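Enquirer: Below: one structure in structure tokens.
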Amino acid sequence: MQLSWRRFTFIPICVCLALQKSVLSQSLDVTQFGPEVIQVKETYNQGRELSQKDLQSSRNISIEGDEFVLDGNPFRIMSGSLHYFRLPSEYWRDRLRKLRAAGLNTVATYVEWSSHEPEEGLTTFDGDNNIAQFISIAAEEELYVLLRPGPYICAERDLGGLPYWLLSKYPNIRLRTTDKDFIAETEIWMTKLFNQLKHLLYGNGGPIIMVQVENEYGSYGSSKAYMKQIRDILKHHVEDNALLYTTDGPYHSYFYDGSVPETLTTIDFGPSSTKVVDMFKQLRAFMPVGPLMNSEYYPGWLTHWTENLQEVAKERVVATLTDMLDNNINFNFYMFFGGTNFEFTAGANYGSYYQPDITSYDYDAPLSEAGDPTPKYDAIRNTLVKYNLVPEHIPPPVPSKKGSYGQITLSPKINLLSSDGRSKLGVKYEDVNGIKLPTFEELRQRSGLVLYETTLNETEGVLSITMPRDWIYVFVDSILQGVINRMKKQYTVNIKAKQGSILSLLVENQGRINYGNRLHDFKGILGPVSLENTKGYSKNSLEGPWKVTGYPLEVKKNLELGPSNIANEASSTVAPTLYEGVLVLPEGTPLDTFIDPTGWGKGYIFVNGHNLGRYWPNVGPQVTLYLPGVWLKPAPAQNTIKILELQETPKNPTLSFLDYPILNRTGSFFDGLLFN
């Protein structure tokens, strides 16, 4: 709908808050949110048929002066971020109800294009990707929705939520620009998305009251032409049935560059000693009239491998929250529930060096990674109680019981570099000649590992790779020589070989960069592989021929091993090796648990066909991996546990199942590096 900028008569905050609760209970008709809305006509109490046109005229969110107005009543947005793609769909209602129980009236979620279309044309909106169901459940739990469809979302996700195949299909594409290929693909995607969601826009009877245009674009670029194109794509689908908005940092250059006409400009910031009204001074000078909103209020922060867990004190969070409440500021906690970067979805940043994100997205949020209320949650809820904002009919949540399932022993099943490992876990790509090796994107392999191999003529020397993407295990005749890695900019390894030795370079994708000007983050080996004689006589770029084998590690496709010959293979327990074990639960409903891989090096854990993500306990700070109970089989069934260990043979190949997480045990990077 068009933004209405009429001056609204001032109403004291206590009246606004009371009206807001009334608006929520009266206008949020949960019977209107099922997917049948666009097929089945509904009726008013008097029996009059409710057409789509009736819905649009009877339900309206607008801006009048400095207020949001919902169906004619002032409304304050008090929201929390919760991403449907970071937890199993079975838990959506639980987390949404806990968010509402804290006193919030709205939930914000990004839409991750890459989750719905991991491969070109392979689009899914079912199961954990059933975003329409997620939004419908939000409505049933008395929550409005802020939809953040991007197309770029950042969110500390691989490639900022954009599908990797854009880089495959268009090697020269310029993401987040007016590049014709990027805009064309965005239009196709948004049509698919809003075919699922259009009936859930507020004007059509649904809970989506606002739709974000792009995502913090002002910290990336300054193209108004691009922002107008994205706005127009979204406007085509949203029409007048929800408000459009942008969000950027609180400084003028950010929100100015990220703003676009016909949308509301909002800013984001965390707890601050600066008064809230002062945080909005620059925005208010730019936008003299309109509701003020902190659309990403940070109660926590993201964490990279090797760092301490990023934490924010609850007292600071509550102080700034109170300031916003007292000054009629709309807000959205980012995150209220963080969840988990399962599988290969964690992204990376690049400051002065490459920084991959940990698997957990706990974020020090009010609700923990397992969905439990924290002291921060209680402090926020108690604050909102003082303003009479917490619904009395929803009891305060309590932590769920977790499973302490003891320890299991795993056995080596298959070595990735063995002939058996290649045939059962690998995908053979075409051999290549020359110094240019195919990237993951050229091979159309989203993630996992790629193995590049060639025959050596030199017997020893210094191997050099200046553009590793990202972590390369260097083997000669299946014996690990060391690692080359992007994180610490370690580009050389001393190797020893004999004439005719096989050089094997196993490349691990640690996550595509999700933010900044290095966004176009191709994976593999992007430059020449050179070998310099130790006596300095020569330095040659290796030209192959190269054999190329991929290990996509897609659990449902190629991790069913069948019989294994590992016991008969000479170097069977030398990394990288896939191990297997079995967990049988005690009687009762399976509970959430945490897997502790202490004693292992670095790799991935798979449970009953679910990839829980990367473990790296020697580096930290995250040690345990969260395992949702809904992915476990009750007794007496066997739960299959597989662990792909990439860099060392564990002295004691066991895993422990704990009833608590370990997320802040920082180790030494060089313990996780193995070789210097």
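The values are calculated or read from the model by the stated rules, or taken from the named source; none is laboratory data. This is a predicted model, so every value here is computed, not measured. Cβ atoms come from the backbone with ideal geometry, glycine included; neighbour counts cover every protein chain shown. Side chains included, ligands, DNA and RNA excluded: accessible areas come from the protein's heavy atoms. Shrake-Rupley method; radii C 1.70, N 1.55, O 1.52, S 1.80 Å.
Enquirer: Would you pick out the residues in the stretch 644-664 that are in a strand (DSSP E or B), farther than 20 Å from residue 370 by Cα and of a type in the set (A, V, I, L, M, F, W, C)?
Expert: Within the stretch 644-664, just 644 meets the criteria.
Enquirer: Identify the single condition in (1) part of a loop (DSSP other than H, G, I, E, B); (2) open to solvent by less than 10 Å² (accessible area, probe 1.4 Å) that residue 190 does not satisfy, given that it satisfies every other one.
Expert: Against the list (1) part of a loop (DSSP other than H, G, I, E, B); (2) open to solvent by less than 10 Å² (accessible area, probe 1.4 Å), residue 190 comes up short only on (1).
Enquirer: Conditions: (1) modelled with pLDDT of 95 or more; (2) part of a strand (DSSP E or B). Residue 511 meets all but one. Number of the miss?
Expert: Only one criterion is unmet by residue 511, namely (2).
Enquirer: List the number of the failed condition for residue 564; all other conditions in (1) crowded, with 20+ Cβ neighbours inside 10 Å; (2) at pLDDT 95 or above; (3) in contact with a helix residue (DSSP H, G or I) (Cβ under 7 Å, 6 or more places away or on another chain) hold.
Expert: It fails just one condition, (2).
Enquirer: Looking at the structure I just gave you, is residue 522 open to solvent by 10 Å² or more (accessible area, probe 1.4 Å), among the aromatic types (Phe, Trp, Tyr) and assigned to a loop (DSSP other than H, G, I, E, B)? Full working, then the answer.
Expert: Working: open to solvent by 10 Å² or more (accessible area, probe 1.4 Å): yes; among the aromatic types (Phe, Trp, Tyr): yes; assigned to a loop (DSSP other than H, G, I, E, B): yes.
Yes; evaluated as a whole, the condition is true for this residue.
Enquirer: Based on this model, can you work out whether residue 134 counts as touching a residue at least 40 places away in the same chain (Cβ under 8 Å), under 19 Å from the mean Cα position of the chain (by Cα) and closer than 29 Å to residue 393 by Cβ?
Expert: Taking the combined requirement at face value, the residue satisfies it.
Enquirer: Still on this structure, I have one more. Please state which one of 239, 262 is on the phi > 0 side of the Ramachandran plot, in contact with a Gly (Cβ under 9 Å, 6 or more places away or on another chain) and among the charged types (D, E, K, R).
Expert: 239
Enquirer: Something else: Take residue 651 and decide whether it is open to solvent by 40 Å² or more (accessible area, probe 1.4 Å) and either farther than 24 Å from residue 95 by Cβ or not hydroxyl-bearing (Ser, Thr, Tyr) (or both).
Expert: Yes, satisfied.
Enquirer: Do the conditions hold for residue 232, that is, is it open to solvent by 10 Å² or more (accessible area, probe 1.4 Å) and either assigned to a helix (DSSP H, G or I) or modelled with pLDDT under 95 (or both)?
Expert: Yes.
Enquirer: Could you grab me the full set of residues in the stretch 466-486 that are open to solvent by 10 Å² or more (accessible area, probe 1.4 Å) and in contact with an Asp or Glu (Cβ under 8 Å, 6 or more places away or on another chain)?
Expert: 469, 486
Enquirer: In addition: For the subset of the stretch 93-117 comprising residues that are out of contact with any strand residue (DSSP E or B) (no Cβ under 9 Å at 6 or more places or on another chain) and within 18 Å of residue 399 (Cα to Cα), which member is surrounded by the most Cβ atoms within 10 Å (Cβ to Cβ)?
Expert: Among residues in the stretch 93-117 that are out of contact with any strand residue (DSSP E or B) (no Cβ under 9 Å at 6 or more places or on another chain) and within 18 Å of residue 399 (Cα to Cα), the one surrounded by the most Cβ atoms within 10 Å (Cβ to Cβ) is 97.
Enquirer: A further question on this structure: Given 614, 518, which one is modelled with pLDDT of 95 or more, touching a Gly at 6+ places or on another chain (Cβ under 8 Å) and either over 14 Å from residue 644 (Cα atoms) or of a type outside the set (Val, Ile, Thr) (or both)? Lay out the reasoning, then the answer.
Expert: Working: 518 fails: touching a Gly at 6+ places or on another chain (Cβ under 8 Å).
Within the list 614, 518, the selection yields 614.
Enquirer: Sticking with this structure for a sec: Within the stretch 290-298, is there a residue that is open to solvent by less than 10 Å² (accessible area, probe 1.4 Å), modelled with pLDDT of 95 or more, of a type in the set (S, T, N, Q) and within 26 Å of residue 234 (Cβ to Cβ)?
Expert: Yes; the residues of the stretch 290-298 include at least one that is open to solvent by less than 10 Å² (accessible area, probe 1.4 Å), modelled with pLDDT of 95 or more, of a type in the set (S, T, N, Q) and within 26 Å of residue 234 (Cβ to Cβ).
Enquirer: Quick check: is even one residue across the stretch 178-198 closer than 24 Å to residue 64 by Cβ and either touching a residue at least 24 places away in the same chain (Cβ under 8 Å) or under 25 Å from the mean Cα position of the chain (by Cα) (or both)? Quick ask: steps written out before the conclusion?
Expert: So in the stretch 178-198, the residues closer than 24 Å to residue 64 by Cβ come out as none.
Taking every residue of the stretch 178-198 in turn, none turns out to be closer than 24 Å to residue 64 by Cβ and either touching a residue at least 24 places away in the same chain (Cβ under 8 Å) or under 25 Å from the mean Cα position of the chain (by Cα) (or both).
Enquirer: Separate question: For residues that are farther than 17 Å from residue 273 by Cβ and of a type in the set (A, V, I, L, M), tally how many sit in the stretch 306-344. Working first, answer last.
Expert: Keep residues of the stretch 306-344 that are farther than 17 Å from residue 273 by Cβ, which gives 306-311, 325, 328, 330-344.
Keeping just the survivors that are of a type in the set (A, V, I, L, M) gives 309, 325, 335.
So the answer is 3.
Enquirer: Consider only pairs whose beta carbons are under 6 Å apart and that are at least six residues apart or on different chains; among these, list those whose first residue lies in the stretch 485-504 and is among the basic types (Lys, Arg) and whose second residue is surrounded by 20 or more Cβ atoms within 10 Å (Cβ to Cβ).
Expert: Once the first residue is among the basic types (Lys, Arg) and sits in the stretch 485-504, its partners that are surrounded by 20 or more Cβ atoms within 10 Å (Cβ to Cβ) give 486/354; 486/468; 486/470.
Enquirer: In the stretch 605-643, which residues are among the aliphatic types (A, V, I, L, M) and either assigned to a loop (DSSP other than H, G, I, E, B) or open to solvent by 30 Å² or more (accessible area, probe 1.4 Å) (or both)?
Expert: Result: 619, 623, 630, 632, 635, 637.
Enquirer: If you check residue 165 against the conditions, is it among the aromatic types (Phe, Trp, Tyr), surrounded by 19 or more Cβ atoms within 10 Å (Cβ to Cβ), farther than 20 Å from residue 213 by Cβ and modelled with pLDDT of 95 or more?
Expert: yes
Enquirer: Let me ask something else about it. Give the residues of the stretch 94-139 that are closer than 16 Å to residue 446 by Cβ, of a type in the set (D, E, K, R) and not in a loop (DSSP other than H, G, I, E, B), sorted by residue number. Steps first, please.
Expert: Restricting attention to the stretch 94-139, the residues satisfying the condition of being closer than 16 Å to residue 446 by Cβ are 112-124, 129.
Now narrow it down to the ones that are of a type in the set (D, E, K, R): 112, 117, 119-120.
The answer is 119, and nothing else.
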